1. Could you check how much of the accessible area of the chain is carbon and sulfur, as a whole percent, using a 1.4 Å probe?
2. Please sort 243-249, 37-43 by packing, taking for each peptide the average over its residues of neighbouring beta carbons within 10 angstrom, highest first.
3. Angle between the Cα long axis of helix 387-426 and the longest principal axis of the chain, 0 to 90 degrees, nearest 10?
4. Give the peptides 71-82, 54-65, 386-397 in descending order of average Cβ contacts within 10 Å, highest first.
5. Tell me which of Y55, F393, I412 sits at the most positive position along the dipole axis of the chain, charges placed on C-beta atoms (Lys, Arg +1; Asp, Glu -1).
6. Taking a probe of 1.4 angstrom, what is the accessible area of W285 in Å², to the nearest 10?
7. Assuming R0 = 30 Å, what is the FRET efficiency of R411 and V326, from their Cβ-Cβ distance, to the nearest 0.05?
8. Please give the length that would be gained between E446 and V403 if that part of the chain were fully extended, namely 0.36 nm times their separation in residues minus their C-alpha to C-alpha distance (nm, one decimal).
Amino acid sequence: MRRLRRIWDQPRTGRIAAGMRARAFPDDLSVLLAQIAVFSFVLVTVSGVVLMFFYDPSAERVTYDGSYAPLTGVEMSRAFASTLDISVGVRGGLLMRQLHHWSSLVMTAALVAYLLRLFFTGAVRRPRQWTWLLAVTVLLLAMAGGLTGSALPDDLLSGSSMAVLDGVLAATPFVGGLLSQLLFGGSHGGVNAIFYPLHVVVLPAALVITLVLMAIVELRGKPVQYAGRERPGLNLATFVVRSAGLFLVVAGVVVSMAATLTVNPIWHYGPADPASATAGSSPTWYLAFLDGALRLAPGWEFVWLGRTWSVALLAPLLVSTLFFAVLAAYPYLEQRVTGDRADHCLLQRPRNHPVRTGVGVAGMVFYGVLWAAAGANTIALVFHGSVEGLMYFLQVMLVLGPVVGFDVTRRICLGLQRKDREIRLHGRETGRIVRTPSGGYVEIHEPAEQLEPLESHESGEPGVRELAAATPRKEQ
């Protein structure tokens with residue numbers, strides 16, 4: 001402790017500590033969502049470390065003779081056998097598996113909500129482009145972690161997913177055959193020989209590094225808030241105490257979910273079998289758009305350069321890659337189109353930037369259609385419809401849905417701006433009707449200065465600055 005105290009008291013460390021104590025930490029929804037994602041990652045890490053002591057990633061075939069009697073005598077891999085024993089033979093093992101799975105789902109959901117919050121409030125503009133890029137990187141790493149982790153149990157469900165992945169890789173021109181042979185053609189360890197070290201070492205290390213970089217970028221930058229709604233922020237002690245409380249809440253909720261909601265019951269699926277597939281299977285929700293893209297792509301093929309090119313496999317790969325590339329590069333694309341290179345420390349209401357809001361809704365519709373296509377079989381079964389008819393409808397929606405979503409959202413934003421303008425000029429309706437001496441009736445309007453600010457004064461939208469300068473008047 002004395003050594004740590006001496007280190008802390010050194011000049012540079014002391015300056016950093018003094019700066020941290022003097023800093024006002026923001027108290028808004030973006031920070032809350034980021035903390036939920038980080039705390040969920042802590043739960044993922046803790047549960048993953050516990051599972052590592054009992055899991056065997058080997059693909060060696062064995063005859064099962066473990067705790068789960070119904071599968072006794074069945075040939076399976078050591079990976080599946082160890083996962084099965086964790087679930088039914090290790091005290092608290094199933095809870096750890098469920099906790100690992102649910103915390104990863106909560107982490108990804110919090111990251112998606114965090115990105116949406118940054119996008120729609122304009123927190124992607126200078127000087128916060130690096131925050132956006134790092135957040136997108138964290139999301140991609142979390143998705144990669146979910147993909148690699150889903151293959152580790154080596155059950156029939158993950159085997160079906162790996163069969164689809166093998167087909168996609170094998171059909172990829174030039175490098176597909178090599179990648180397929182590398183992952184699925186080896187004789188030592190199979191796919192787990194690649195996915196296991198990625199899942200337990202490479203991807204977690206990359207996530208930690210990226211999260212640390214995000215924290216450094218945020219601490220070095222100026223907190224952003226809405227104009228007119230500035231908050232003083234939290235001091236270090238209050239921020240730490242509230243963060244500790246939030247961690248306990250997140251941990252309690254996720255542990256409760258893990259204890260009560262069963263997910264991935266591998267004892268029902270059985271071991272992976274190349275000749276079999278699980279009925280009605282679907283990928284994890286945040287990876288479902290990949291499966292949906294495969295289902296919606298037309299089954300066209302053509303021969304070029306002496307090779308057969310399948311549109312059904314290439315189109316989903318290209319569309320998914322382009323989607324995330326545009327997502328990551330959006331701050332720079334917006335800056336290039338608008339020519340706005342100024343630094344912005346104030347957030348925008350979504351209505352004050354109709355184009356950006358429309359683009360965001362269009363992206364959500366595009367992703368949502370792909371996500372729905374992954375569950376087309378279940379949707380058709382529940383609503384007693386035709387799978388083919390539903391797929392045709394989703395193909396049309398994939399093209400028209402984003403266009404309609406953009407136009408409708410833009411019109412709604414412009415309408416809300418006009419409403420704000422009326423409130424600024426004439427005040428807000430109170431619902432109180434009075435009679436004038438001449439016998440007429442008028443409604444009393446509440447002056448706008450008594451309300452919270454309706455506009456971000458930093459917005460570049462036409463008319464916003466003029467609306468902010470308008471003097472409200474009271475109608476009688």
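1. 65 percent
2. Most protected by this proxy first, the peptides run 37-43, 243-249.
3. The helix 387-426 is inclined about 20 degrees to the chain.
4. Ranked by mean Cβ neighbours within 10 Å, highest first: 71-82, 54-65, 386-397.
5. I412
6. It works out to around 90 Å².
7. 0.80
8. Contour length minus Cα-Cα distance gives 11.6 nm.
The values are calculated or read from the model by the stated rules, or taken from the named source; none is laboratory data. These numbers come from a predicted model, not from an experiment. With ideal geometry, Cβ positions are generated from the backbone for all residues, glycine too; neighbour counts draw on all protein chains shown. Each accessible area value is taken on the protein alone, full model and side chains, heavy atoms only, with ligands, DNA and RNA left out. Shrake-Rupley method; radii C 1.70, N 1.55, O 1.52, S 1.80 Å.
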